[in-house]
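Here's the structure, in structure tokens; my notes come after.
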Amino acid sequence: MDGMARTGAEKRKRVRWRIRVGGTVQGVGFRPFVYRLAYSFGLEGWVRNTSEGALIEAQGDETALESFIRALRENAPPAASVRDTEIEVLEHEELEGFRILESPAGDEVRTTVPPDIATCAECLDDIGDPENRRFGYPFTNCTNCGPRFTIINKIPYDRISTTMSFFEMCPDCRREYEDPADRRFHAQPNACPVCGPRLSLDVSEAARILREGGILAVKGLGGYHLACDARNDEAVRTLRRRKGRSDKPFALMCADPEEARLICEIDAVSEGLLLSPESPIVLMPARKNSGISASVAPGTGTLGVMLPYTPLHHLLMRDGPRLLVMTSGNVSEEPIVFKDGEVEERLNGIPDHVLSHDRPIHIACDDSVMRVVGGVPGVVRRARGFVPRPIYMEMEMPEILACGGDLKSAFCVTKGYSAYVSQHLGDLENARTLDHYGKVVGDFCKFFEIEPKIVAYDMHPDYFSTQFARSFEAERKIAVQHHHAHISSCMAENGIFEPVIGVAFDGTGYGDDGTIWGGEFLIVDMTCYKRAAHLSPVPLPGGDAAVRRPGRMALSYLRSAGLDCAVPGVTPEEADTVVLQMERGLNAPLTSSAGRLFDAVSALLGICTEVTYEGQAAIELEAAGTYTDRSYGFRIAGSPPEIDVSGMIAQIVEDRARGVSMGEIAGAFHNTAAEIIAETCRVLREETGISEAALSGGVFQNALLTERAVSLLEESGFKVYRHRLVPCNDGGISLGQAVSAAVRCK
Ligand code: ZN
Ligand code: ZN
Ligand code: FE
């Protein structure tokens, strides 16, 4: 009897725990979640935000507390992520109920600016329910979803600090906002048809315009989109013409995954990304004859698809076409239009109508783009949904501003264990982009209370980002070589500090010898790098002209291989000019760029002879490639070793003459590029004993190359590191610059 009673008492032992929760737990509905969870387990105590995350004190039954901790991790709201929990046992106290506490004033709160989150399932139910007061309301949101980063103009993140401060909550909304048990407790953009933002145009009218083939500017979370029916070829071609964009693929929005499946092959990982709270554009293989306009993504073999991520999108796609082109509202490479007053001026003549609303956007933010390569999701463009979520650093960082590069620009600021990489800011090539870049640097420093003491930047003397760094007031300025930054970035997000063999396959990066690098094997240990091997340099005839006209690169590679034959799309006159430039060394700097090698082969096969957007020749070459186990020859020789591909160029010319299919040649070329990577890494492992390889640079956006290179390296016993959190292209270099500068300043 006695024994049994004691066992029962022990089971029901009352304990009190202090639980520190680290990770993304602020502004994502974490406290109301904890509150509801605590109630469901019958716990007493409280929860509040701290500078590091959230702090919980909970008391109750020991087994209940254990289940509570498990549920904290496993059932966290969609946009939250619990990195770690730390438990401290306290004395039991007399307490009643569970409460959500305000953060004490003066407590430094660093992680308070959350990213924008796609509409959650519950809010979707609300707008679809005729009995609900938010039925059909396009600005419905809750603590689990809605606008965040794009509406914040100062910290701390509170309604008054957002562009929602213009709207006074009605009594019903206020009640939800103040009720800890409500899903809308402290949901800063909380609104309803009575008190919230309104549309400029009826959804049904907007849907009709789209159905009838019109072009509509639609105000989204981070800026305006230009939308039209993706199955209406005429509409898509009109949009291309008006936007002045000849080939660059348009992104698509599908009503649901079923609709997306009609036009793409969707693997499980990609589907997970499509449905994630970040709701990015996902690049996936296109299905043939899906009825989609051929002008959506000519020559690429892939389609960029996203699902509706605001209530307005959902409503629009319910009444309108189920498949829309949704491309950024801008002209050429200017930043996306996000101010209502600028629509008329900057998008003049492109849309037939504008679907706008009166909730202002404070910071422009494009859609993010992801691609699954070899089962691993990679970020191609990091923006909405991810920014400004910090990237956790394994070392404590001083306050640094790293300026990134000029193409696909993004900067990074650091503090403590966090690196905040900005959203994709476009190419720094016009006054508007530069202005925008400067403004967002200011916003980030303000949001995260950072006063950079160190400024890191690319070695390229002519980059605007370099000039920006030079004019920025700071104690120290540190130039970081482009490919060193690429590899350091990959190391930083993987948390490695030990030396690696860095493979940087890239378009263009300024080398420390003044030539243009981009096919580099570097031994990197964060503080320094050694250029251990590289592709044999060839002339870049006409500089930028050779980037725009890849046929020039083909000629350069042919001549370097001692071959004299014609290149499709290059007239004899142009060929003469190019040859003269190379012979005299006039405006023909040397380059070891891997990106240019892909361009050359693309042109040699007649696939792409004129580039209208960055990477086009390589993208179309990848799309042309078919499966083959053939590959071509190359030589690794010299000290430091150079990789000579003239043998491969000669074999490609022969194959072409023999009538081998373009797909097979393109496939064999990709195999060769992967073998070059694996073989060179093996040579360097012999020399250094290092068997870790880190892959970075924009060329690794190529799935055909990356999958092959990774499997060859792994078969040879290498541990391979790739990017997951930041892009492998220049959008990721600011992170590498920051960590490299931090290590050097230690
Ligand atoms: Zn919601
Ligand atoms: Zn209201
Ligand atoms: Fe690069």
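No lab work stands behind these numbers, since they all come straight from the coordinates. Predicted, not measured: the structure shown is a model, and the values here were computed from it. Positions of Cβ are generated from backbone atoms using ideal geometry, with glycine treated the same way; all protein chains shown enter the neighbour counts.
At 0.36 nm per residue, minus the direct Cα-Cα distance, what do Val660 and Glu94 gain on full extension? Give it in nm, one decimal, please. Between Val660 and Glu94, full extension yields an extra 195.5 nm. Average projection, convex hull of the Cα set of region 263-349: 7.3 square nanometres.
Mean sequence separation of contacting Cα pairs (under 8 Å, at least six apart), scaled by the length of the chain, corresponds to a relative contact order of 11 percent. When each of the peptides 276-287, 602-613 is scored by how many other beta carbons lie within 10 Å of its residues on average, the order from highest to lowest is 276-287, 602-613. Fewest-first ordering of Val660, Val25, Val89 by other beta carbons within 10 Å of each residue's beta carbon gives Val89, Val660, Val25.
What the Cα convex hull of region 650-746 gives, in volume per residue, is 138 Å³.
Its residue count N sets the reference 2.2 N^0.38 Å, and the alpha-carbon radius of gyration of the chain equals 1.01 times that reference. 3J(HN,Hα) couplings calculated from phi for region 76-92 with the Karplus curve 6.51 cos²θ - 1.76 cosθ + 1.60 (θ = phi - 60°) are, in sequence order, 3, x, x, 8, 8, 9, 8, 7, 8, 10, 10, 10, 10, 8, 10, 6, 5 Hz; Gly and Pro show x. Counting only residues at least eight positions apart within a chain, or on another chain, the lysines with an alpha carbon under 18 Å from that of Lys446 are Lys154, Lys415. Peptides 209-216, 395-402, 261-268 ordered by packing proxy, namely the average of other Cβ atoms within 10 Å per residue, highest first: 395-402, 209-216, 261-268. Using 0.36 nm per residue and subtracting the Cα-Cα separation, the extra length available between Asn430 and Tyr627 on full extension is 66.8 nm. Listed peptides 180-186, 736-742 appear in the order 736-742, 180-186 once ranked by packing, highest mean of other Cβ atoms within 10 Å at the front. The mean sequence distance of close C-alpha pairs (under 8 Å, at least 6 residues apart), as a share of the length of region 521-668, puts its relative contact order at 26 percent. Partners of Lys248 within straight-line reach, counting lysines whose Cα lies under 23 Å from its Cα and excluding those fewer than 8 residues away in the same chain: Lys219, Lys288, Lys408. Residues Leu347, Leu555, arranged from fewest to most other Cβ atoms within 10 angstrom of their Cβ, appear as Leu347, Leu555. From least to most packed, judged by other beta carbons within 10 angstrom and beginning with the fewest, Thr310, Thr591 follow the order Thr310, Thr591.
Taking the three principal axes of the alpha carbon atoms in region 543-594, the coordinate ranges are 22, 21, 20 Å, sorted in descending order. Amide H contacts of Val373 (H built 1.01 Å from N, in plane; Pro and chain starts excluded): Gly378 sit under 5 Å, all sequence-distant by 5 or more or on other chains. So what is the relative contact order of region 18-176, in percent, for Cα pairs below 8 Å that sit 6 or more residues apart? Averaging sequence separation for qualifying contacts and normalising by length gives 25 percent for region 18-176. Calculated mean residue ellipticity at 222 nm for the chain: -10500 deg cm²/dmol, from DSSP H runs with n ≥ 4 weighted as -39500 (n - 2.57), summed, divided by the residue count and rounded to 500. Model label points for Glu178 and Lys339, set 7 angstrom from Cα along the Cα-to-Cβ axis, are 3.7 nm apart. Taking amide hydrogens as placed 1.01 Å from N in the peptide plane, the amide H of Gly222 sits under 5 Å from those of Cys365, each at least 5 positions away in sequence or on another chain. Among the helices of the chain, those built from whole DSSP H runs whose Cα atoms reach 27 Å or more along their own axis and whose mean Kyte-Doolittle hydropathy is at least -0.5 are 662-688.
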